[in-house]
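Student: My questions will all concern the structure given below.
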Amino acid sequence: MNIIDYIKKNKDKTFKELPFNEIDNLILSLLTYIDFTDIVPAFKSKKIFLQEAAEKLKDKKKEHRGLFIGNTFKMLQIMKDTKRYQDILLYNYMKVVNDDMQFGALTMKLQDKSVYVSFAGTDSSIIGWEEDFKMTYLYPGASQKYASVYLNKAISLLDKNIRVGGHSKGGNLSICAVMDARFWIRKKVKRISNFDGPGFLKREIESKSYKKIKPRIKMFVPKESIIGMLLYNTPDYIVIKSKGLNILQHDAFNWQCKDNELIRDTQSKRSKALQQKLTKKLEELSLEERINLVKNLFNIFKTNNIKDTKEIKIKEIFKLIKEFKKLDKETQNLLTELLIIIFVK
C-alpha cells in the first residue's frame, strides 16, 4: 500500500491508539506542496484546523507547487474526513518565490500538543532548480538562510515536542533550519526527517553544527534515488521500496508501506554509480568551475525562454547540452544523464 492507503486504513485511529510513526511523518512533510495562501495564517496568532483548510481549498484554484501536487491535494481531501488528521492545527504558512529563491514552510500542532514543522521541496520553476544546483558551491543559499529564520520565528517557548521534516529540497532545509537555529530551539527538536533530499558540501557535513544534530537526522531514499544522492549526506540512510521509474521514484506517493513502516529495500547499482560519478566530478571541479557550470546551464535555460521544468523535453535537453562546447566529454555525458533523469518523465 502507499500513503493514501495508509490514511484510509487508519482514518479512525487517534495518535494515542496508533502512535505517530515514520509514515505520518512523511505525510505531514508533503503538505507544504499545497498552496495555502490566504487560507492558513502567516505568522499570526490564529490557527486553522486541517479539515477547515481543506474545505476552503476545494473552492480555490489549485496552483502547481511541485511535481506531485495533484496527489497531495487528493491526500489532503482524504485527511480532512479522518479522525486521525482532521483536528491538526495549521499555522505560520509561508510561500516566497523571487529571483533568489523558492521557499515554503508550514507549522502544525497535533492533538498531543507536539509540533511538526514542514519545509517545501522544489517546485517546477527554473529558479527553484537553479537554487538547488547552486548548492554545489554555495552554503548557505537563500532558502537555507530563510529556513533557520523561519524555525526561530515559528517555535514558541511553550512548544516542547518538535519534529522537523521535508521532502526533496525540504529535507535539506529541515537540517539547515535546525543546524542554525537558536540553541534553545535546537535542543527541543526531537527528530529531523529528510525524505530523499539533496545533501551538503563536504565542509558542512564535517562541521560541528552538523555533527551536533546528526544523531537526530533520519534520512529515507527510494531504491533508485537520484535527488538524495546529490552532494554529501548521512551515510546511514534508509532505502525504501518505490514503484516509480526514474524521477518518479522520488514521488512519495509511489513509496510503499506496510503496517506502520515504509517498506525497506536495497539501493540499486545505478543509484550508487550516479552518486559516485557526481561526487568524483564535484571534487575534480574548482569553486570557479562549479559556479561557471551552474551559471552557464541556467543561462541556457533563460536564453531559450524556459521558465518551467514542465517545458523541458528530451530534444530540448540535447539542444542544451550541445551548447556546452567548452566542457569535456565526460562532464557533458554526466550532465546529460542527470538532466534526462531529473526532467524527463
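Student: Report, in deg cm²/dmol and to the nearest 500, the calculated mean residue ellipticity at 222 nm for the chain, where each DSSP H run with n ≥ 4 adds -39500 (n - 2.57) and the sum is divided by the residue count. Please report the intermediate quantities before stating the final value.
Tutor: Details: 14 runs with 141 residues, N = 345.
Theoretical 222 nm ellipticity from helices: -12000 deg cm²/dmol.
Student: Cut-off is 10 Å between beta-carbons; in what order do LYS211, LYS11 appear when sorted fewest neighbours first?
Tutor: Numbers: LYS211 11, LYS11 15.
With the fewest neighbours first, LYS211, LYS11 line up as LYS211, LYS11.
Student: If you count, for each residue, the other Cβ atoms within 10 Å and average over each peptide, how do 220-227, 3-10 line up from highest to lowest?
Tutor: On the way: 220-227: 24.0, 3-10: 16.8.
The peptides rank, most packed first, as 220-227, 3-10.
Student: Rounded to the nearest 5, what % of the DSSP beta bridges within the chain are antiparallel ones? Let's see the in-between values first.
Tutor: Details: 20 of 38 bridges.
Around 55 percent antiparallel, to the nearest 5.
Student: Hey, another quick one. What is the Cα centroid distance between region 198-229 and region 152-166, reported in whole angstrom?
Tutor: So the separation of the two Cα centres works out to 21 Å.
Student: Rank these for me by crowding, SER209, SER29, going from fewest to most other beta carbons within 10 Å.
Tutor: Values: SER209 15, SER29 30.
Exposure proxy ranking, most exposed first: SER209, SER29.
Student: Please compute the net charge surrounding GLN51, taking Lys and Arg as +1 and Asp and Glu as -1 over other residues with Cβ under 9 Å from its Cβ.
Tutor: Details: positive: LYS80; negative: GLU52, GLU55, ASP81, ASP87.
Around GLN51, the surrounding residues sum to -3.
Student: Taking the Cβ of TYR210 as the center, what net charge do the other residues with Cβ under 10 Å away carry, scoring Lys and Arg +1 and Asp and Glu -1? Provide the component values of the computation, followed by the final result.
Tutor: Details: positive: ARG203, LYS208, LYS211, LYS212, LYS214; negative: GLU204, GLU206.
So the surrounding residues net to +3.
Student: Cβ neighbours within 10 Å, averaged per peptide: list 269-282, 14-27 in order, most packed at the top. The partial results should precede the final answer.
Tutor: On the way: 269-282: 15.0, 14-27: 16.5.
Descending packing order for the listed peptides: 14-27, 269-282.
Student: Right, another one. Given a cut-off of under 8 Å on Cα pairs at least six residues apart, what relative contact order in percent is computed for region 71-203?
Tutor: Numbers: 233 pairs, mean separation 28.1, N = 133.
The value is 21 percent.
Student: Is region 174-314 rounded, prolate or oblate when judged by the Cα gyration tensor, a ≥ b ≥ c being the square roots of its eigenvalues, rounded requiring a/c under 1.5 and prolate requiring a/b larger than b/c?
Tutor: Numbers: a/c = 1.73, a/b = 1.17, b/c = 1.49.
Verdict is oblate for region 174-314.
Student: With springs only between Cα atoms under 10 Å apart, run a GNM on the chain and tell me which of PHE301, PHE195, PHE36 wobbles the most.
Tutor: Checking each option, the largest mean-square fluctuation is seen for PHE301.
Student: Follow-up question, since we're still on this one. Just add up the charged neighbours of LYS9: K/R +1, D/E -1, any other residue whose Cβ is under 15 Å from the Cβ of LYS9.
Tutor: Result for the local shell: -1.
Bear in mind that the values in this text are calculations on the coordinates, not laboratory data. The model shown is predicted, which means the values in this text are computed figures rather than measured ones. Note that we place each Cβ from the backbone using ideal geometry, even for glycine, and neighbour counts take in every protein chain shown.
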